[in-house]
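S.K.: After the structure tokens below, expect a handful of questions from me.
The values are calculated or read from the model by the stated rules, or taken from the named source; none is laboratory data. What you see is a predicted model; the values in this text were computed from it and never measured. When we count neighbours, we look across all protein chains shown, and the Cβ atoms used for this are built from the backbone with ideal geometry, even at glycine. Heavy atoms of the whole protein, side chains included, go into the accessibility calculation; ligands, DNA and RNA do not. Shrake-Rupley method; radii C 1.70, N 1.55, O 1.52, S 1.80 Å.
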Amino acid sequence: MFRHSLTRRDAFLILLGAFSMHLWTLFFREPPSEKSILIDARVNNPAAEHRQAAITTRTILTKTVTETAIPIPTPDAALDKAARERDNREFPHTSIIAHAPGWTLFKNLYMSNGTLYILTSSPDTFPEFRLMTSTGLPAENTAENMAAREPTKENMDFITPNDALERWGGDPDRGETNRVWTVEGNTLLFNDPPQFLHHYYHLVAELFFGVQAFWHGAFFPPETTTSEVIAQQLGFSNHHPIPPHIDRAIFAHSNAEGWRDVPGFNSYFIRAAYPSMTVEHQQDWNDRTIATNDGTRVWRFPVVLFTDRSASHRGRVCGSLTQRTASEAWEGMKKLGKLRGRHIGGWWEPVRNAVWEFAGMSAQERRLDEIQLPTHDIFIPGVGGGKDEILDGMGSEAQKFLPMPETVVITYISRQSSSRRKLIPEDHDVLVKELEALVKRKNEEEKVGEMKKKWELHVLQAEKMTKDEQVRAAAKTTFMLGVHGNGLTSLVWMKPSQVSTVIELFYPGGFAHDYQWTTRSLGMVHYAVWNDTYRTHPDKPDVAYPEGFQGNEIPVYGPIVAKLIEDRVGGVL
Ligand SMILES: *[C@@H]1O[C@H](CO)[C@@H](O)[C@H](O)[C@H]1NC(C)=O
Ligand SMILES: *[C@@H]1O[C@H](CO)[C@@H](O)[C@H](O)[C@H]1NC(C)=O
């Protein structure tokens, strides 16, 4: 019998074999199996399961670190694997790991001659194409342009397993292998033109915000509804398993300049947050298109997050409530119960922390205080009945469980030296004076022991700072203040605290969701200031761009801003 004839040497070899299989999976970062995604579906004790999921991950992490000294698989093994796949007469079917309008995480998406193919025998189970893709043309607000962005079968199509074999199977009679070439690893595929890519806000706080919400959420087991306590704790969690690595980003309709903004923040961000992610462009996509243009050859993407801005705008949340593509990804994951840390931007924490570290912040500076939640169920009400049914329960209700900052830091990002959207110069001066007076008064109160907090004011001109400095300044900010504009994008590097707030100055009557939605999606509070009044959720203004919105005569009444900040810290607001 096998057991009796097993020598020590055999046993060692078997172990070695098992071990190299393990290494193999580590090395090739196989996409997580369906099993791991559905892990929670069959357990009765979700609390234990969540603990176990966390422990498992930690174990995996330790292994990754400790096993790196072992030799990696030889190139021959990799060739073997490729050859086996190339002999296949049955191609992996397409499936969807997660979908929201404009955000679709596929397994086994195919591309031939520029068309994306869903290989399936049950097309009915897939979302409408128009909720996944478009022609990728720049968006304008006209009926003609909207029609021109509706996808055709050249953009995306179904293919049956038989047709796929017919088309891409090669000719086995003459010993030809199949014609399917695998693009190994995990891919982000962006279907948008440069129109909105070459802006810091749109690339970081919209596109990659959505990527992170989706990628981070999709690979986790869902939170459970059976235990509110656990669900609430996960809502405040900053500690998460690491999702699969992203190997490449493909900007299919943009060249190398198309996704870079003039100040250079987009490239800083991408290299900081994803240091080993390769970036491909339209030219590279064309290479793949041309190489498959006789239709007999095809590329297979084993795991790909496909995004499309126009498709997001066809969704209800983005299309009619927020105009933010990321909000579809955010709400979609929340609905699935998979947006961990949603009350405090915990889902964004891995990216934020990577950028903080890149910017030179020490471990001490990056440290987040533990959040003390009561052990009984805590009820964080949705707002219900407000204009804004989205982001339910976000903001001040959840914020009260967070620690107070040790130092209250007010950061005013001035646009006074830019070419448009500026404050009336005297109003800017008064605003700065009022803030200086507030900070001075608070620090005097601190000296006589009435208040225990230090206060700081920083009036910044972002264009005069390095990117590292901008990130570090944002990270220690409690109140970020400025006229509507790209400078406020830095709010995504703020550290959550009990009173973290973004105060956005608009021309009276004007409003846009850009920074309002972004602030709230990270669990912070947003105020829109119109000269001597302010509005916040759920009483936020409607979107409006009145005459004067872009101008250089924006009024602001400094004392009201100072009072708003004082009241927030004092717990009055
Ligand atoms: C490849 O795409 C081009 C452009 O869309 C089209 O004209 C051509 O017919 C396609 N080739 C095949 C084999 O389908
Ligand atoms: C702004 O508010 C101040 C204080 O109420 C007021 O004196 C001023 O006229 C207002 N400015 C504008 C342009 O409404």
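S.K.: Leaving ligands and nucleic acids out of the surface, order Thr125, Thr120 by accessible area at 1.4 Å, largest first. Numbers along the way, then the final one.
M.R.: Working: Thr125 100, Thr120 10 Å².
Per-residue accessible area, sorted high to low, gives Thr125, Thr120.
S.K.: Taking the range 426-529, which trypsin sites (Lys or Arg not before Pro) meet the DSSP loop condition and have no more than 14 other C-beta atoms within 10 Å?
M.R.: Details: sites: Lys433, Lys440, Arg441, Lys442, Lys447, Lys452, Lys453, Lys454, Lys464, Lys467, Arg472, Lys476, Arg520; in loops: Lys452, Lys453, Lys476.
Within the range 426-529, the qualifying trypsin sites (Lys or Arg not before Pro) (loop, at most 14 other Cβ atoms within 10 Å) are Lys452.
S.K.: So what's the convex hull volume per residue for the Cα atoms of the range 479-519, in Å³?
M.R.: 68 Å³
S.K.: Can you list residues whose amide H is under 5 Å from Leu573's amide H, if they're 5+ apart or on another chain and H is modeled 1.01 Å from N?
M.R.: Those lying under 5 Å, H to H, from Leu573 are Arg568.
S.K.: Using a cut-off of 19 Å between alpha-carbon atoms, which lysines can reach Lys433, once sequence neighbours fewer than 8 places away in the same chain are excluded?
M.R.: Cα-Cα hits under 19 Å: Lys422, Lys442, Lys454, Lys563.
S.K.: So, one more: On each of the three principal axes of the Cα atoms of the range 234-311, give max minus min coordinate, whole Å, ordered largest first.
M.R.: Projected onto its principal axes, the Cα set of the range 234-311 covers 52, 33, 28 Å.
S.K.: For the range 388-570, give the percent of accessible area contributed by carbon and sulfur heavy atoms, probe 1.4 Å, rounded to a whole number.
M.R.: Working: 3540 of 7240 Å².
That fraction is 49 percent.
S.K.: Follow-up. Taking amide hydrogens as modeled 1.01 Å from N in the peptide plane, which residues meet the under 5 Å criterion relative to Lys422, leaving out close sequence neighbours?
M.R.: Result for Lys422 returns Asn552, Glu553, Ile554.
S.K.: Can you work out the Karplus-derived ³J(HN,Hα) for every residue in the range 469-476? Use 6.51 cos²θ - 1.76 cosθ + 1.60 with θ = phi - 60°, whole Hz, and x for glycine or proline.
M.R.: 4, 5, 5, 5, 5, 5, 5, 9
S.K.: Rounded to whole Å, give me the distance from the Cα center of the range 189-209 to that of the range 324-363.
M.R.: Between the Cα centre of the range 189-209 and that of the range 324-363, the gap is 17 Å.
S.K.: Suppose accessible area is computed on protein heavy atoms with a 1.4 Å probe; arrange Phe158, Phe219 from highest to lowest.
M.R.: Details: Phe158 65, Phe219 20 Å².
Ranked list, largest accessible area first: Phe158, Phe219.
S.K.: Give me the orientation-averaged projected area of the Cα convex hull of the range 82-347, in nm², one decimal.
M.R.: 15.6 nm²
S.K.: Then there is this: In whole Hz, with x marking every Gly and Pro, tabulate ³J(HN,Hα) for the range 522-529 from phi via Karplus 6.51 cos²θ - 1.76 cosθ + 1.60, θ = phi - 60°.
M.R.: 9, x, 10, 9, 10, 10, 9, 9
S.K.: Which aspartates and glutamates have a Cα lying under 18 Å from the Cα of Lys334, excluding residues fewer than 8 positions away in the same chain?
M.R.: Asp40, Glu206, Glu223, Glu228, Glu349, Asp388, Glu389, Asp392, Glu397
S.K.: If you roll a 1.4 Å probe over the heavy atoms of the protein chains, what accessible area per residue do you get for the range 82-347, in Å²? Write out the running numbers ahead of the final one.
M.R.: Working: 10270 Å² over 266 residues.
Counting only protein heavy atoms, the per-residue value for the range 82-347 is 39 Å².
S.K.: What ³J(HN,Hα) values, in whole Hz, does the Karplus curve 6.51 cos²θ - 1.76 cosθ + 1.60 give for the range 196-201 when θ = phi - 60°, with x put for Gly and Pro?
M.R.: 10, 7, 8, 10, 3, 4
S.K.: Could I ask something else about it? Under 12 Å from the Cα of Lys81, which aspartates and glutamates turn up, not counting those fewer than eight places away in the same chain?
M.R.: Excluding near neighbours in sequence, the set is Glu184.
S.K.: Starting from the Kirkwood radius over alpha-carbon pairs of the range 135-203, derive D by Stokes-Einstein at 37 °C in a medium of 0.692 mPa s and give it in µm² s⁻¹. Walk me through the numbers before you get to the answer.
M.R.: Numbers: Rh = 16.0 Å.
My calculation gives 206 µm²/s for D.
S.K.: For the range 121-236, with only Lys/Arg (+1) and Asp/Glu (-1) charged at the beta-carbon, what is the dipole magnitude about the Cα centre, in debye rounded to 20?
M.R.: Values: 6 positive and 17 negative charges, 40 e Å.
Taking the Cα centre of the range 121-236 as origin, the dipole is about 180 debye.
S.K.: Follow-up. Let me check I have the definition right: for the range 388-570, take the eigenvalues of the Cα gyration tensor, multiply each by 5, take square roots. What are those semi-axes in whole Å, largest first? Walk me through the intermediate numbers first.
M.R.: Values: eigenvalues 109, 82, 52 Å².
Three semi-axes, in Å: 23, 20, 16.
S.K.: List the residues whose amide H sits under 5 Å from the amide H of Val483, counting only those 5 or more places along or on another chain, with H placed 1.01 Å from N in the peptide plane.
M.R.: Arg415, Leu505
S.K.: Quick one: accessible surface of Ser121, probe radius 1.4 Å, all protein chains present, in square angstrom to the nearest 10.
M.R.: Accessible area of Ser121: about 90 Å².
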